[in-house]
Amino acid sequence: MRGDAEGDGRVALAMRRCVFRRRTPSTFGVYWKLARAGFKRQAQYKLAMFAGLFTNCVFGFVRAAVMVAAVRAAGDFGGYDEGTIGAYVWLSQALLGATQFMGPPIDLVDRIKSGDVAIDFLRPVDVQLSYLATDMGRAACTFLPRGVPSIVIGAATFGLSMPTTPVAYLLGLISVLLAVALSFLCLFAVALIGFWVVEIRGIRVLYQIVGTFLAGLFVPVHMFPDWLRTIALATPFPSILQSPIDTLSGRVAGMDALLTVAAQGFWVLVIGLLGRVLLRAGQRRLEVQGG
Amino acid sequence: MAEPDSARIVAGTWFTPYLAVLRSRVKAQQVYRLSFATEVFSAFLIGLVEFAEVWVIFHNVGTLGGLDTNAALLLFGLSNTSFALAQVLVGHLDSLPAMIRMGTLDAYHLRPQPLLLQLITSDISLRRLARAAVAVIVLGVGLWRNEIDWGIAPVTLIVITLISGIALFCGLFVCAAGLQFFLIDGAELTNSFTYGGSFAAMQPASVFPAPLKLLFGFAIPVAFTAYVPTIALLGLPGPPLLPAWSAWLTPVAAAWVWLLAFAAWRIGTRHYQGGGG
């Protein structure tokens, strides 16, 4: 995905000129520009990013200390050893910022409540894709100052094992991109419930709690009891956290890794479609007063 | 003599205005019934999920840091009861950065009442009682399943621990609020010791490497809210840095946090120049 985006950079530049001259936004150029805008906006909040990194690391230290002690104490701890459990802890901390799993509500929540979303419908771009593009830009920006340092600090203190083949990193990168997109599409779908319910904070919190748990943030999905793992795998949540961690840390490799990424792609399509259906229905229901 | 009496009834005590605000907040939260129900349910689930994490780990390991599964119940029950109740009381201080940014904090400055007391009594999060309920139940089961040498001492220790624990976590929230005057955009930084503190409190501190032991045993002494009292109740020795007898020093730990909290609050409010506009 990323390769495509960069390959079309020149095209995007050319398109931008078109956009300005003719005012007819051409599909890809607009979303590329929105992604860049999302990146730039996030880059303004430098202290926030440092704060995020700091907090990620404190939680990482505590989690790593407990998990490493648990691996030492247990004979078999979900198939993890000290290196791989370290990778699990620090990669999950690193991905938190990008996936925005525990983050504040996305802008759309307030825009639906206030009725500003009507303006979004008037814009000549697809509502879902434009929000997604902006968020992908934001996520890319959090990954460098928040994600990478988490991994480096984790490697320097507790140690973590990473794969050695370039293929694993390539698949890992694709997996992370799919995870970020999926996480946003889920948040987007949850936000759309606001068309029918006045206050969705309770539903959002519910989503955060159930989602992060089933995604494997607190304990790896591999360590769930069988019945709970079956439930988790029937939801998109493991694809948001456990899958990119497994792919990036080399826990799954070869055919298994491809299947994991394919499952992520499947969920991106399903939740993306669900979002579009909800958006269409919400648009019909929307009633904004005043002028 | 009747007149001053009735005047006093109308005017009430110094706490009456705070009580009026709190009462309105309690009422307001129950207006959107579906929303309130989902929030209570969510808070309940938070408690459950936090417990599930501890349970899955101990279920796989058996004994971690000298504590078995039964001791883990006690550890979780003590730390989470204190934290959840502290959150009910002062958890809403978390919204201070938004108030500073929006300028709504200035309204509080106009009233002739102490700012911190106003903010603390400006809201109460009833939904979080559901989280506390999970913790209290786990604590009850923990007290029942462990072999505790019951007497006056353990009961006193539990009462002191819970009161000091709630005070300690409240202090951490106030500390965080004081720092928000400087951080604003970096508000998440304080999560590292409020929510991070709560998270660290429910782990057996014996597994921490020395720097973390110093951090959570002395600088931000959350280990005193649960781990140290747990080993004291069970008669376990504990690590050299945190011996079991020090469980009786939990009020000192809470006092230390409140000292930090008052300092942070004082520096923060003096630094604040108003929202402008």
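Odds and ends about this structure:
- A:V277 part of a helix (DSSP H, G or I), among the β-branched types (V, I, T), surrounded by 21 or more Cβ atoms within 10 Å (Cβ to Cβ) and without any contact (Cβ under 8 Å) to a residue 24 or more places away in the chain: no
- So A:R204, is it under 27 Å from A:A43 (Cβ atoms), part of a helix (DSSP H, G or I), in contact with a Pro (Cβ under 9 Å, 6 or more places away or on another chain) and modelled with pLDDT under 90: yes
- Those residues of the stretch A:238-266 which are part of a helix (DSSP H, G or I), of a type in the set (G, A, S) and farther than 19 Å from A:F224 by Cβ, in sequence order: A:G254, A:A257, A:A262, A:G265
- Qualifying helices (runs of 4 or more DSSP H) (wholly inside the stretch A:39-145; at least 2 residues being of a type in the set (F, W, Y), within 12 Å of chain B (Cβ to nearest Cβ) and touching a Leu at 6+ places or on another chain (Cβ under 8 Å)): A:46-73
- Filter result for B:G12 (surrounded by 11 or more Cβ atoms within 10 Å (Cβ to Cβ), modelled with pLDDT under 85, more than 25 Å from the chain's Cα centre (by Cα) and more than 8 Å from chain A (Cβ to nearest Cβ)): yes
- Spans of helices (runs of 4 or more DSSP H) in the stretch B:22-119 with at least 2 residues within 16 Å of the chain's Cα centre (by Cα): B:33-61, B:69-90
- Residues satisfying the stated conditions in the stretch B:214-235, i.e. within 16 Å of B:F76 (Cβ to Cβ) and either hydroxyl-bearing (S, T, Y) or in contact (Cβ under 8 Å) with a residue 40 or more places away in the chain (or both): B:V222, B:F224, B:T225, B:A226, B:Y227, B:P229, B:T230, B:I231, B:L233, B:L234
- A:V221 vs. criteria in contact with a Lys or Arg (Cβ under 7 Å, 6 or more places away or on another chain) and either touching a residue at least 40 places away in the same chain (Cβ under 8 Å) or within 30 Å of A:F61 (Cα to Cα) (or both): yes
Residue-by-condition table, conditions (1) in contact with a strand residue (DSSP E or B) (Cβ under 7 Å, 6 or more places away or on another chain); (2) not β-branched (V, I, T):
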residue: B:A200; (1), (2): no, yes
residue: B:V207; (1), (2): yes, no
residue: B:T250; (1), (2): no, no
residue: B:A261; (1), (2): no, yes
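- Residues (modelled with pLDDT of 90 or more and hydroxyl-bearing (S, T, Y)) located in the stretch B:70-124: B:S79, B:T81, B:S82
- Every pair of residues 6+ apart whose Cβ atoms lie under 7 Å, when the first sits in the stretch A:186-213 and is over 23 Å from B:E50 (Cα atoms) and at the interface with another protein chain (Cβ under 9 Å from one of its Cβ atoms) while the second is assigned to a loop (DSSP other than H, G, I, E, B) and at pLDDT below 85: A:V198/B:Y32; A:E199/B:Y32
- Looking at B:L168, B:L157, B:L172, B:L189, just one residue is more than 14 Å from chain A (Cβ to nearest Cβ), among the hydrophobic types (A, V, I, L, M, F, W, C), buried (at least 20 other Cβ atoms within 10 Å of the Cβ) and in a helix (DSSP H, G or I), and that residue is B:L168.
- Only a single criterion out of (1) touching a residue at least 24 places away in the same chain (Cβ under 8 Å); (2) within 23 Å of A:A87 (Cα to Cα); (3) not hydroxyl-bearing (S, T, Y) is not satisfied by A:A232, namely (1).
Here's the yes/no breakdown for (1) over 18 Å from the mean Cα position of the chain (by Cα); (2) in contact (Cβ under 8 Å) with a residue 24 or more places away in the chain; (3) surrounded by fewer than 21 Cβ atoms within 10 Å (Cβ to Cβ):
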{"position": "A:A133", "(1), (2), (3)": "no, yes, no"}
{"position": "A:R138", "(1), (2), (3)": "no, yes, no"}
{"position": "A:T142", "(1), (2), (3)": "no, yes, no"}
{"position": "A:A156", "(1), (2), (3)": "yes, no, yes"}
{"position": "A:G159", "(1), (2), (3)": "yes, yes, yes"}
{"position": "A:S175", "(1), (2), (3)": "no, yes, no"}
{"position": "A:L178", "(1), (2), (3)": "no, yes, no"}
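- Residue within the stretch B:214-229 that is within 14 Å of another protein chain (Cβ to nearest Cβ), within 21 Å of B:Q87 (Cα to Cα) and touching a strand residue (DSSP E or B) at 6+ places or on another chain (Cβ under 9 Å) present: yes
- Residue list for the stretch B:20-77, restricted to those being among the polar types (S, T, N, Q), at the interface with chain A (Cβ under 9 Å from one of its Cβ atoms) and buried (at least 16 other Cβ atoms within 10 Å of the Cβ): B:S35, B:T38, B:S42, B:N60
The values are calculated or read from the model by the stated rules, or taken from the named source; none is laboratory data. Everything quoted here is computed from the prediction, not taken from an experiment. For neighbour counting, all protein chains shown are included, and Cβ atoms are generated from backbone atoms with ideal geometry for every residue, glycine included.
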